Number of protein chains: 2
Amino acid sequence: MKASQFFVSTLKEAPADAEVVSHKLMMRAGMIKRLGAGIYNYMPMGLRVIRKVEKIIREEMDAAGAVECLMPVIQPAELWQETGRFDKMGPELLRVKDRHGRDFIVQPTSEEVITDIARQELRSYRQLPKNFYHIQTKFRDERRPRFGLMRGREFTMKDAYSFDRDVDAAGRSYENMYAAYCKIFDRFGLQYRAVAADTGAIGGDRSHEFQVIAETGEDAIVYCPTSDYAANMELAEGVALIASRGAETQALTKTPTPGKSTCEDVAALLGLPLARTVKSLVLATDELDKDGNIVKTQIWLLLVRGDHDLNEVKAGKVEGLKGGFRFATAGEIEACFGSKPGYLGPIGAKDVKVVADRTVANMSDFVVGANEVDFHFTGVNWGRDLPEPDVVADIRNVVAGDPSPDGKGVLAIQRGIEVGHVFYLGTKYSAAMNATFLDENGKPRLMEMGCYGIGVTRILGAAIEQNHDARGIIWPDAIAPFTVVICPIGADRSAEVKAAADKLYDELKALGVDVLLDDRGERPGAMFADWELIGVPHRVVLGDRGLKEGQVEYQGRRDEAATKVAVGDVVAHLKGLLKL
Amino acid sequence: MKASQFFVSTLKEAPADAEVVSHKLMMRAGMIKRLGAGIYNYMPMGLRVIRKVEKIIREEMDAAGAVECLMPVIQPAELWQETGRFDKMGPELLRVKDRHGRDFIVQPTSEEVITDIARQELRSYRQLPKNFYHIQTKFRDERRPRFGLMRGREFTMKDAYSFDRDVDAAGRSYENMYAAYCKIFDRFGLQYRAVAADTGAIGGDRSHEFQVIAETGEDAIVYCPTSDYAANMELAEGVALIASRGAETQALTKTPTPGKSTCEDVAALLGLPLARTVKSLVLATDELDKDGNIVKTQIWLLLVRGDHDLNEVKAGKVEGLKGGFRFATAGEIEACFGSKPGYLGPIGAKDVKVVADRTVANMSDFVVGANEVDFHFTGVNWGRDLPEPDVVADIRNVVAGDPSPDGKGVLAIQRGIEVGHVFYLGTKYSAAMNATFLDENGKPRLMEMGCYGIGVTRILGAAIEQNHDARGIIWPDAIAPFTVVICPIGADRSAEVKAAADKLYDELKALGVDVLLDDRGERPGAMFADWELIGVPHRVVLGDRGLKEGQVEYQGRRDEAATKVAVGDVVAHLKGLLKL
């Protein structure tokens, strides 16, 4: 490609509404252009990256035996009513009425449509397993779209759906997709981690997020550097940090802690480690009658160590809290504890179920609120001062340094951006839509399903969050808009420079290299700034002076400085770098 | 590709709602699957064709210097309000409200969005010309979607938009796209014709439809087999079929024609050629005040020869009818003509403007209605029996055998399916949206625009309407889902057959041939029927008996019978056919 035939449009400054670095750089590099909140035009420079991402996905999905189809953007509401998602999904599901007043939705995913196809097309066990995918425009009407392509409303996603005859076969389909995803992310050239994730109501252990590592990521990834353990914060298991409960050495003492309502403040006041304090969180569960009226409310006290945080997803797995919970009101707290938040604790609480985190359950001589404003108890011990907890469970976020649950080291935490997800669906959709096949005995059976998504456009944002510097984007070779840029200096004045640039361009093109020749006639500074901002990984500069000495300059996007390369060697030099 | 890794799903019978052959065959061949009225899933077999169509378009658009981008499916209403199309377009424009109640549309085309991009990005004459295109999902909420992909609601379209500094440059962009379209349609391997079309209010002569020739086409294409004249029915010029008016030889005679209200019946009754009769059509134009109330109505009588038909688009170009017209009511006709339709004519009509077709203006001794039920006038002559017409114009459809307007032969008519359109827009959108650039003198000027569409998914329907037989689809090589299918017979029983099939498959793949190996183990009859229905253009059959004699069978999809080819020659044979 020659720049004059392409469209290069860079900005010195990012628009004010661009919050994160990837958004800013994509706007500045002319890759995207805002059309509305969370809706972007993909400009030629950005579209090239999208197409490369799509191509890698497509090749690996095909190699894994998945078959590409294309399901519509606008889908009839009927199928979504069959699974109940038309009603259950909130306003993020964009709804449309056609000219006849019929309901449609703009697809956020396609479980319903693919299950409808499967129940019509896959009639016999002989046709299974089958895995269909498509790469299609999606829409999610986010309440607060932001971060450019990271949380847009209209976006491109690859979603795949597997259909299997039984759970074992579905497991193989899952493993197959997991392996394909690893190949895809390897080929992108991004640092990533596949982390175990919560399966929610589906159950089982088959849910993995593919997270691109980036300091700016919204998600915390928990992993063990000395083993292959990796999970997201919701699933990462917090073990008891105290192997067994220590002996009681202190007497229960009601201690004044005036104005100290946080564990940090109390520990500081008392000169104790934060790890000796226990944090109290009060939840409530409501029992409803058939008309939805509350007939009974249970108050729950959840205890985590003062230096730990409650994980609400984990709390939601406690028996009794599974059906959903809320935080207790001030009135409910006053009624059960006789005190205000900040000084709450388990001693003397009425009609409250106590859930202790595993670590808290093994603590001794600890500190809790005294259920009286400006007072805490110190020297608290289970059994002696208060009954054993009703439930002991893992309800906290793990922290760096925790033992790895696999016993093979200690946990570390890094930030990530979720760009892919493989998920075992079981019969959730096939049951709702009666998607059956005939087994070997001619009996109808529900298909076992899995779904597998990759946020195509989100990959761009994540790649940039991971790979950028003060000058701009640093694309990995595989998904760069152009792999090599040739910058001739003064080609309008020097026939030699022009000829050498054209020759190099032709040679690289003949090798199949995605090369761009910058023939815009820009000054060197502006030209270099553009391509550094845009993030082309390899640059060759040709100038009159260098050519006279038989040399050109090569600079990798991450290199501190340019390297002189003999004109005759530059193609070989690039072939080595590009592994051609 | 091996069939076992793909998804082949054929039907013996087409669903009842499939009306046209392309729709029936695509459904039977498992290329599309209906999701809702005018909304289809593109199944793997159909998607392969779409991808090949898109690839050809993309390559030729890029070669012509157009730059690909991608504009959103869901577009904010504001831009559409700027051009007035939000209000002007009827219910075929699908409208959506987001969670905040803001108006959006599902794009049917993208003039507004690209003009918005252009007015921001193209600031200087140095950046022009520029041509942006995208291949994107479109939606038009057709009142009566039908004919499968030919008139769907959701469809894929390539739309390109050119921006130029002046009319001359816009003309060059237009010619460039016209040439690119010819290359694209040549590469599809379809019989097509580029026909001049009406430019409506834009004016000028830069509008061409690309029509795929098919007997079942909705459009009539007018062309001259001995010259390069081609136009659609709206634009094809009807010349006067009578060079100059003949002498009067008959007296005006009021003749009883009881119950004969059509020209055909009257001619038969009177024993005259149909070409001696004149058909009367009554239109009305209303003059409105500023509140939209009718202040004056003018009645128009349009006259075409009895064997001709009125063309309403041509009528709309007559001075006085340009602002829009309607057919007159029975009451208005009675008031002006004192008669009922079927017996109307220009003689004695009150306050009526008479528009005569060019041919009618040169007729003599003709027959018209007498403005009295059951009577016609014969021997009518202009000037003697009635005033000269107020207007003489080309207001009829041409018919086969008419002289070509270029004087180089006679016109023929064939049917076509419009699949592409190149159109000069002028400043229609740039003026509405103030899309200006700075010219050499630093003065802002409106950009001259053109738009260029190809109905990607419609191409599939049109290709099949043109190329099919009783057994199924006959794809041209370039857009076939697979170019070659290898059908091994009894590969499960014969290692030799299996080995030969695998070897041929590998050899063709190595040559880059898009080959499918049918390893499903189907019986020969079922296998052949499937691939004939699906329309793969080249088939190689390998069987035990043939291989013993060192032979395989080749059959082109249009061939009557198979040809025996030596095993060792089959690759060379195919290379010859595929021009590799």
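The values are calculated or read from the model by the stated rules, or taken from the named source; none is laboratory data. Quick caveat: nothing in here was measured; it's all calculated off a predicted structure. For neighbour counting, all protein chains shown are included, and Cβ atoms are generated from backbone atoms with ideal geometry for every residue, glycine included.
In table form, for the structure just shown:
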quantity	calculated
Residue in region B:370-379 that is within 30 Å of B:I50 (Cα to Cα), hydroxyl-bearing (S, T, Y) and buried (at least 20 other Cβ atoms within 10 Å of the Cβ) present	no
Candidates B:A169, B:A194, B:A179, B:A201, filtered to the one that is more than 14 Å from every other protein chain (Cβ to nearest Cβ), farther than 21 Å from A:L35 by Cα and in contact with a Phe, Trp or Tyr (Cβ under 8 Å, 6 or more places away or on another chain)	B:A194
Breaking point among (1) more than 14 Å from A:G453 (Cα to Cα); (2) within 14 Å of chain B (Cβ to nearest Cβ); (3) buried (at least 23 other Cβ atoms within 10 Å of the Cβ), for A:P145	(3)
Whichever residue in region B:46-58 is more than 8 Å from chain A (Cβ to nearest Cβ) and without any contact (Cβ under 8 Å) to a residue 60 or more places away in the chain and, among such residues, is nearest to A:E142 (Cα to Cα)	B:R51
Residues located in region B:200-214, provided they are under 25 Å from B:G426 (Cα atoms) and part of a strand (DSSP E or B)	B:S207, B:H208, B:E209, B:F210, B:Q211
Residue within region A:91-101 that is under 26 Å from B:R99 (Cα atoms) and either more than 10 Å from chain B (Cβ to nearest Cβ) or of a type in the set (S, T, Y) (or both) present	yes
Verdict on B:G379 being in the same structural domain as B:Y125 (by TED's automatic domain parsing), assigned to a strand (DSSP E or B) and touching a residue at least 24 places away in the same chain (Cβ under 8 Å)	no
Looking only at region B:18-45, and only at residues there that are among the β-branched types (V, I, T) and more than 8 Å from chain A (Cβ to nearest Cβ), the one that is nearest to B:E154 (Cα to Cα)	B:I32
Test: A:A361 is modelled with pLDDT of 95 or more and within 36 Å of the chain's Cα centre (by Cα)	yes
1 or more residues crowded, with 20+ Cβ neighbours inside 10 Å and not charged (D, E, K, R): qualifying helices (runs of 4 or more DSSP H) within region A:1-101	A:21-28, A:44-63, A:77-82
Failed item in (1) within 29 Å of A:R140 (Cβ to Cβ); (2) buried (at least 21 other Cβ atoms within 10 Å of the Cβ); (3) of a type in the set (S, T, N, Q), with B:S162 passing the rest	(1)
Cβ-Cβ under 7 Å pairs, at least 6 apart or on other chains, region B:60-75 side within 7 Å of chain A (Cβ to nearest Cβ) and under 21 Å from B:A179 (Cα atoms), far side of a type in the set (K, R) and part of a helix (DSSP H, G or I)	B:E68/B:R58
Any hit, region A:305-314, residues being assigned to a strand (DSSP E or B), closer than 17 Å to A:L344 by Cβ, in the same structural domain as A:G379 (by TED's automatic domain parsing) and touching a helix residue (DSSP H, G or I) at 6+ places or on another chain (Cβ under 6 Å)	yes
Residues located in region A:235-278, provided they are acidic (D, E) and in a helix (DSSP H, G or I)	A:E264, A:D265
Candidate set: region B:544-569, residues that are surrounded by fewer than 18 Cβ atoms within 10 Å (Cβ to Cβ) and in contact (Cβ under 8 Å) with a residue 24 or more places away in the chain; chosen: the one farthest from B:F482 (Cα to Cα)	B:D544
Any hit, region A:94-101, residues being in contact (Cβ under 8 Å) with a residue 24 or more places away in the chain, under 26 Å from the mean Cα position of the chain (by Cα) and not assigned by TED's automatic domain parsing to the domain that holds A:L533	yes
Hey, B:D205 among the acidic types (D, E) and farther than 18 Å from B:G171 by Cβ or not	no
Lone qualifier among B:V536, B:V570, B:V552 - being of a type outside the set (D, E) and closer than 22 Å to B:K12 by Cα	B:V536
Complete set of residues in region A:102-142 that are of a type in the set (S, T, N, Q) and more than 11 Å from chain B (Cβ to nearest Cβ)	A:T109, A:T115, A:S124
Some residue of region A:316-325 being touching a residue at least 60 places away in the same chain (Cβ under 8 Å) and surrounded by 15 or more Cβ atoms within 10 Å (Cβ to Cβ)	yes
Test: B:R415 is within 14 Å of the chain's Cα centre (by Cα) and either among the basic types (K, R) or not assigned by TED's automatic domain parsing to the domain that holds B:E209 (or both)	yes
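Yes/no matrix, rows are residues, columns are (1) over 28 Å from B:D186 (Cβ atoms); (2) of a type in the set (A, V, I, L, M, F, W, C):
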| position | (1), (2) |
| --- | --- |
| B:M27 | yes, yes |
| B:A37 | yes, yes |
| B:M45 | no, yes |
| B:V49 | no, yes |
| B:K55 | no, no |
| B:R58 | no, no |
| B:A66 | no, yes |
| B:Q75 | yes, no |
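Residues checked against (1) farther than 19 Å from A:V398 by Cβ; (2) touching a Gly at 6+ places or on another chain (Cβ under 6 Å):
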| residue | (1), (2) |
| --- | --- |
| A:R187 | yes, no |
| A:A194 | no, no |
| A:S207 | no, no |
| A:I213 | no, yes |
| A:A236 | no, no |
| A:A240 | no, no |
